[in-house]
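Participant: Provided herewith is a single structure, encoded as structure tokens, for subsequent inquiry.
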Amino acid sequence: MSARFESPASVAERLRAAEYLPDSSIASTVFLADQLAKPVLVEGPAGTGKTQLAKSVAEITGARLIRLQCYEGLDESKALYEWNYRKQLLRIQASQVSGDGQKWSELEGDIFAEDFLLTRPLLEAIRAEDPVVLLIDEIDRVELETEALMLEVLSEYQVSIPELGTVTAKQTPMVFLTSNNTRELSEALKRRCLFLHVGYPTIEREREIVETRVPGITTELADQVARIVGSLRELDLRKAPSVSETLDWARTLVVLGQESVTEQQASETLHVLLKYQSDIDKARHEFLVAKS
Amino acid sequence: MLDVIAAFIAELRKAGIPISMTEHVDAAKAVGVIALEERETLRETLAATLIKSQEHRPAFDLAFDIYFAPRRGKTNGDQEHSPEEQGGDGDSIEDQLLGPEGGFGQRREMSAEELMQLMEDAVRRNDTTLRTRVVNEAVTRFAGMTPGRPVGGTYYLYRVLRNLDLEGLQQRLVDEASTSRPGVQLGAIEQRLLADDVARRIRGLRLAIEAEIRRRLVEDRGAEALARSVRKPLPEDIDVMHATREEIHTLERSLVPLSRKLAVRLMRKRRHGRRGPLDFRATMRHSLSTGGVPIDPKYKNPRPSKPEIFIIADVSGSVASFARFTLHLVYALASSFSKVRSFVFVDGIDEVTHHFDEANDPAEAANRVNTEAKVVWVDGHSDYGHALSDFHARYAEDVNSRTTVMILGDARNNYHQSSAWVVADLQKRARHVLWLNPEPQTYWNSGDSIIAEYGAHCDSITEVRTLRQLEAFIAELV
């Protein structure tokens, strides 16, 4: 298998071109994931671009993105594969009607063929002929037992179907798992993955993100937005503003036609950034009351 | 390289980070495919393959800085090893900066004031090259490092910082920046941003000094020896009673995700836990569709067990932070209990439930408890006897068979009367009486600790010294 990237630097460069600004840990981890053919477990607070990373990687490698959204109660038939049971029934009935005297053993082989298989995201990623990026979103939402379903896919890139045998990947897909860390993932899963923590960006990086993602923003405003958000995160808030909220705020300010953030404007639009009244009060108190 | 990685991994394991064989193999493979000259890439590579939880990252970074300490280039390497050659030293800095203002006259020795001036410039202009040099010089000058001494460097750091007066510098820079444009009154936001900006740079400077000291220590004593002296326990393993202020801060930060995880786990446990008794009515109703044959039995949803919790916490001295964590954690899980009431005492007792009900953030409430609760009766030394009998007189009526009473404390009673009869009476009234002792078990009943006297009437006494133990205890409780 040929490598997709030459070096971490080239990963960074190409992601940048796709309007995703990676830091050094993101770039190196994506590079390694490709080189070692290992899945990446991306962890971090909500709204820091974990899902976007997978999308952007798919974009720059020209791959198709296959997404498995996890939720509590997700099971094999939703994640891996399912037999198309209606079609199987029809097939059996058809053989009875036509009366071609097919033996059961033949029929059985017939109805458990690939024609009757409904592929779900994991199997689809494994069987894909074209390059794919598999995104398993919010893995921490499934139960511990369901996690085990994914282990074979993640380490061997294969799926065992009792009636069919083992389906092995034709090409190694890049796999991203995201987690909001609401529970501890199993050791077995973590062991199979590379770990990447996507935290809040530095002020410089956030400014760049704002500049790339918000059209029509002035450098001065972007800088101010990034610095204010950076300072807000240092406060002890119930929920620190995420990158996506920063972008929302920057867009709001642009729509309002602001050149720079004034106290008045900040106070009125703070609710875009902070989602708890107690946080908003705290921020107002800390920022808008001048220290004399 | 492989040897270094093996040693590095051994160190991480000693620090308590679990690293499996496969992860070791991965790291070795990964190192093979990257360019080794770039230190940051190496750091991220090893981090991605070896650690699987962000909480382990600080410990990882510390070990990485020690095992993969940057080697100095030739030019500054010289000054590094021969501090007496101050001439060369001054030269390099002068080139950078003293040139225009200091002139050539003072090549030999920089005075302390000049060093401060340089540092100020470095911070003001956020110039990292200059900062590196200043830090280097400051450490050489002030740390007074003695080769071969088996220390972690905290003392050296203290010595350097004492001489540098960073707070003063910070204040000066903030003042200077806010008056830089005369006539323009800066808005509140701008002022705040400036202050934060300067604070951030000062923090950067501090970290640079720390890193420099550590680097020199590695050169002096070797990675392994230094790693042993600076190794810190992981947040969940910190002994709360002996935690430093910095550690307490770390603990506080890890408390929030911990309580969230615990809440999710308890919720799931409750939902999937047991099946209730047979619901006869529903079964009969459903059997109608099968001609009265009850094929599909229906069950009632189980009544969730929601205990009432009474927390009685000793908040004197060293036990205080422990009590705070427990209160914080229990209140973060308040939805799992039908009622939580909390009491704190030193030698007098006071109910603090309302603090938690009013505040929407348990951490904030816990802070208020420390300042506002009336817990001192006579002298402010722990008196379990008085506090407990006071509790009994005022609140014992409210304890009933659904109540779980948790008592937090080291049972060090300063040789006062024990009033153990209160605990005995509570046990009769309540469903459980549990005692949490933040002291290691070996210290129990030594000195003025009378845990055995109370323990005789408790359903269990648990040693809870770390967040990990606390988490396990509370998970059991629900």
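The values are calculated or read from the model by the stated rules, or taken from the named source; none is laboratory data. Model, not experiment: these values are computed from the prediction. Every residue, glycine among them, receives a Cβ derived from its backbone with ideal geometry; neighbour counts consider all protein chains shown.
Participant: Mind checking which residues of the stretch B:19-39 are in a helix (DSSP H, G or I) and more than 7 Å from chain A (Cβ to nearest Cβ)?
Facilitator: Listed by number, the residues that qualify are B:M21, B:H24, B:V25, B:A27, B:A28, B:V31, B:G32, B:R39.
Participant: Does the stretch A:111-124 contain any residue that is under 18 Å from A:K38 (Cα atoms), buried (at least 18 other Cβ atoms within 10 Å of the Cβ) and of a type in the set (A, V, I, L, M, F, W, C)?
Facilitator: Among the residues of the stretch A:111-124, at least one is under 18 Å from A:K38 (Cα atoms), buried (at least 18 other Cβ atoms within 10 Å of the Cβ) and of a type in the set (A, V, I, L, M, F, W, C), which makes the answer yes.
Participant: Take A:A94 and decide whether it is in a helix (DSSP H, G or I) and either within 14 Å of chain B (Cβ to nearest Cβ) or out of contact with any Pro (no Cβ under 7 Å at 6 or more places or on another chain) (or both). Outline the logic, then answer.
Facilitator: Numbers: in a helix (DSSP H, G or I): yes; either within 14 Å of chain B (Cβ to nearest Cβ) or out of contact with any Pro (no Cβ under 7 Å at 6 or more places or on another chain) (or both): yes.
When the stated conditions are applied, A:A94 passes them.
Participant: Let me ask another. Here are some conditions: (1) buried (at least 20 other Cβ atoms within 10 Å of the Cβ); (2) more than 9 Å from every other protein chain (Cβ to nearest Cβ). B:D61 meets all but one. Which one does it not meet?
Facilitator: Every listed condition holds for B:D61 apart from (1).
Participant: Also, quick follow-up: In this structure, does B:R402 turn out to be farther than 30 Å from A:I280 by Cβ and modelled with pLDDT of 85 or more?
Facilitator: Details: farther than 30 Å from A:I280 by Cβ: yes; modelled with pLDDT of 85 or more: no.
It is false that B:R402 is farther than 30 Å from A:I280 by Cβ and modelled with pLDDT of 85 or more.
Participant: Would you mind stating whether A:A240 is more than 10 Å from chain B (Cβ to nearest Cβ), closer than 22 Å to A:A46 by Cα and in contact (Cβ under 8 Å) with a residue 60 or more places away in the chain?
Facilitator: On the way: more than 10 Å from chain B (Cβ to nearest Cβ): yes; closer than 22 Å to A:A46 by Cα: yes; in contact (Cβ under 8 Å) with a residue 60 or more places away in the chain: yes.
Against the criterion (more than 10 Å from chain B (Cβ to nearest Cβ), closer than 22 Å to A:A46 by Cα and in contact (Cβ under 8 Å) with a residue 60 or more places away in the chain), A:A240 qualifies.
Participant: Select from the stretch A:225-235 the residues that are in contact with a Lys or Arg (Cβ under 9 Å, 6 or more places away or on another chain), without any contact (Cβ under 8 Å) to a residue 40 or more places away in the chain and not β-branched (V, I, T) and list them in ascending order. Quick ask: steps written out before the conclusion?
Facilitator: First, the residues of the stretch A:225-235 that are in contact with a Lys or Arg (Cβ under 9 Å, 6 or more places away or on another chain): A:225-228, A:230-231, A:234-235.
Restricting the remaining residues to those that are without any contact (Cβ under 8 Å) to a residue 40 or more places away in the chain gives A:225-227, A:230, A:234.
Residues satisfying the conditions are A:A226, A:R227, A:G230, A:E234.
Okay, residues lined up against (1) surrounded by fewer than 19 Cβ atoms within 10 Å (Cβ to Cβ); (2) in a strand (DSSP E or B); (3) within 28 Å of the chain's Cα centre (by Cα); (4) among the acidic types (D, E):
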| site | (1), (2), (3), (4) |
| --- | --- |
| B:L329 | no, no, yes, no |
| B:V340 | no, yes, yes, no |
| B:H354 | yes, no, yes, no |
| B:A366 | no, no, yes, no |
| B:T371 | yes, no, yes, no |
| B:A387 | no, no, no, no |
| B:R394 | yes, no, no, no |
| B:W421 | yes, no, no, no |
| B:Q427 | yes, no, no, no |
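Participant: So, one more: Just the residues that are in contact (Cβ under 8 Å) with a residue 24 or more places away in the chain and more than 7 Å from chain A (Cβ to nearest Cβ), please, taken from the stretch B:40-53.
Facilitator: B:L42, B:R43, B:L46, B:L50
Residue-wise test of (1) within 21 Å of B:A195 (Cα to Cα); (2) exposed (fewer than 14 other Cβ atoms within 10 Å of the Cβ).
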position	(1), (2)
A:Y200	yes, no
A:V210	no, no
A:E220	yes, yes
A:L232	yes, no
A:P241	yes, no
A:L253	no, no
A:L256	no, yes
A:H285	yes, yes
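Participant: Further question on the same structure: Could you please find all residues in the stretch B:307-320 being surrounded by 22 or more Cβ atoms within 10 Å (Cβ to Cβ) and farther than 12 Å from B:D347 by Cα?
Facilitator: Hits for the stretch B:307-320 are B:I309, B:F310, B:I311, B:I312, B:V319.
Participant: Additional query: Being closer than 26 Å to A:V11 by Cβ, surrounded by 20 or more Cβ atoms within 10 Å (Cβ to Cβ) and not hydrophobic (A, V, I, L, M, F, W, C) is the filter here, so list the residues in the stretch A:48-93 that pass it.
Facilitator: A:G49, A:K50, A:S56
Participant: Just a yes or no: is a residue in the stretch B:309-325 assigned by TED's automatic domain parsing to the domain that holds B:N414, acidic (D, E) and part of a loop (DSSP other than H, G, I, E, B)? Spell out the reasoning first.
Facilitator: To start, the set of residues in the stretch B:309-325 that are assigned by TED's automatic domain parsing to the domain that holds B:N414 comprises B:309-325.
From what's left, acidic (D, E): B:314.
Subset that is part of a loop (DSSP other than H, G, I, E, B): none.
No, every residue in the stretch B:309-325 fails to be assigned by TED's automatic domain parsing to the domain that holds B:N414, acidic (D, E) and part of a loop (DSSP other than H, G, I, E, B).
Participant: Let me ask something else about it. Check A:V210, A:V225 and return the single one that is at pLDDT 90 or above and either closer than 25 Å to A:S56 by Cα or not in a helix (DSSP H, G or I) (or both).
Facilitator: On the way: A:V225 fails: at pLDDT 90 or above.
On inspection, the qualifying residue turns out to be A:V210.
Participant: Of all residues in the stretch A:131-153 being surrounded by fewer than 20 Cβ atoms within 10 Å (Cβ to Cβ), away from chain B (no Cβ under 14 Å) and over 23 Å from A:G165 (Cβ atoms), which is nearest to the chain's Cα centre (by Cα)?
Facilitator: A:D137
Participant: Additional query: How about the stretch A:9-59: which of its residues are over 21 Å from A:R233 (Cα atoms), within 9 Å of chain B (Cβ to nearest Cβ) and outside any helix (DSSP H, G or I)?
Facilitator: A:K38, A:V40, A:L41, listed by residue number.
Participant: Then there is this: Here are A:T246, A:T252: which of them is under 18 Å from A:V214 (Cβ atoms) and either in contact (Cβ under 8 Å) with a residue 40 or more places away in the chain or in contact with a Lys or Arg (Cβ under 9 Å, 6 or more places away or on another chain) (or both)? So that I can check it myself, show each step before the final result.
Facilitator: Values: A:T252 fails: either in contact (Cβ under 8 Å) with a residue 40 or more places away in the chain or in contact with a Lys or Arg (Cβ under 9 Å, 6 or more places away or on another chain) (or both).
Answer to the selection: A:T246.
Each row is one residue, and each column tells you yes or no for (1) within 14 Å of chain B (Cβ to nearest Cβ); (2) touching a residue at least 12 places away in the same chain (Cβ under 8 Å).
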residue: A:R207; (1), (2): yes, yes
residue: A:V210; (1), (2): no, yes
residue: A:E268; (1), (2): yes, no
residue: A:H271; (1), (2): no, no
